[in-house]
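Visitor: There's a structure below that I have some questions on.
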Amino acid sequence: MNQYVKQYQKTTVETASNEKILIMLYDGAIQFLNKAKIALNEKNWEQSHNNLMGAQKIIEEFINTIDKEPNPELAQNLISLYEYFITRLVQANMKHEIAPIDEVLKFLKELKATWEEAISIAQKERAQLCSRVNISETDEYEKYDDEEDDDEDNDE
């Protein structure tokens, strides 16, 4: 790959928000699985294996970054789901089967869409909160400024 393309990709990841990185990881796993399917159809076992391993590494990263603190039950359910995906991809790799890949692909696409929706909702709520905070900060500043003017008037 061209060194400029690699540098661009590195910079893109380094400057991306956590939400954007999450979506990029889902995209990467989906791409790896699509490439694995093509390689399986072509009976290119090495290429299939490499792509399945790439997807598994991303899914392992999902497991490693789950925050268990706010909701341990939800976290454990997600971990179990991701572990199931890995098991299915190992089966696909060992038996050279596409069906397990299709199953995992379906779930990953649904999870990605769910995360995109959740991120969008969170961003809208954050924007609304910021706009309210800015308004109230301005109001508080003006109120504080008015009180200072009153104090100055009282000093005279």
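The values are calculated or read from the model by the stated rules, or taken from the named source; none is laboratory data. Quick caveat, the model's predicted, so the values are computed rather than measured. So basically every Cβ, Gly included, is an ideal-geometry build from the backbone, and we count neighbours across all protein chains shown.
Visitor: For the range 35-60, which residues satisfy the criterion of being surrounded by fewer than 16 Cβ atoms within 10 Å (Cβ to Cβ) and within 20 Å of Ile21 (Cβ to Cβ)?
Guide: Lys57, Glu60
Visitor: Select, from Glu83, Glu137, the only residue that is among the acidic types (Asp, Glu) and at pLDDT 95 or above.
Guide: Just a single option satisfies the conditions, and that option is Glu83.
Visitor: Which residue pairs have Cβ atoms under 6 Å apart, sit 6 or more places apart or on different chains, and have a first residue in the range 62-74 that is closer than 16 Å to Tyr84 by Cβ and touching a residue at least 12 places away in the same chain (Cβ under 8 Å) and a second that is in a helix (DSSP H, G or I) and not β-branched (Val, Ile, Thr)?
Guide: Phe62/Tyr82; Ile63/Tyr82; Ile66/Ala75; Ile66/Leu78
Visitor: While we're looking at this one, here's another question. Looking at the range 26-42 only, could you name the residues that are under 12 Å from Ile98 (Cβ atoms) and in contact (Cβ under 8 Å) with a residue 40 or more places away in the chain?
Guide: Leu33, Asn34, Ala36, Lys37, Leu40, Asn41
Visitor: Sticking with this one: For the range 28-43, does any single residue satisfy the condition of being in a helix (DSSP H, G or I), closer than 21 Å to Lys112 by Cα and in contact with a Gly (Cβ under 7 Å, 6 or more places away or on another chain)?
Guide: Yes, some residue in the range 28-43 is in a helix (DSSP H, G or I), closer than 21 Å to Lys112 by Cα and in contact with a Gly (Cβ under 7 Å, 6 or more places away or on another chain).
Visitor: Out of the residues in the range 98-130 meeting the condition of being surrounded by 13 or more Cβ atoms within 10 Å (Cβ to Cβ) and free of Cβ contacts under 8 Å to residues at least 40 places away in the same chain, tell me which one is farthest from the chain's Cα centre (by Cα). Give the derivation first.
Guide: Quick first cut of the range 98-130, residues surrounded by 13 or more Cβ atoms within 10 Å (Cβ to Cβ) only: 98, 100-105, 107-109, 111-112, 115-116, 119.
Keeping just the survivors that are free of Cβ contacts under 8 Å to residues at least 40 places away in the same chain gives 100, 103, 107.
Numbers: Pro100: 23, Glu103: 20, Phe107: 15 Å.
Across the range 98-130, the extreme among qualifying residues is Pro100.
Visitor: Scan the range 56-76 residue by residue and report those that are assigned to a helix (DSSP H, G or I) and within 17 Å of the chain's Cα centre (by Cα).
Guide: Within the range 56-76, Gln56, Lys57, Ile58, Ile59, Glu60, Glu61, Phe62, Ile63, Asn64, Leu74, Ala75 qualify.
Visitor: Could you check, for the range 107-115, whether at least one of its residues is aromatic (Phe, Trp, Tyr) and at pLDDT 85 or above?
Guide: Scanning the range 107-115, I find at least one residue that is aromatic (Phe, Trp, Tyr) and at pLDDT 85 or above, so the answer is yes.
Visitor: Still on this model: May I ask you to verify whether Tyr26 is at negative phi and modelled with pLDDT of 95 or more?
Guide: yes
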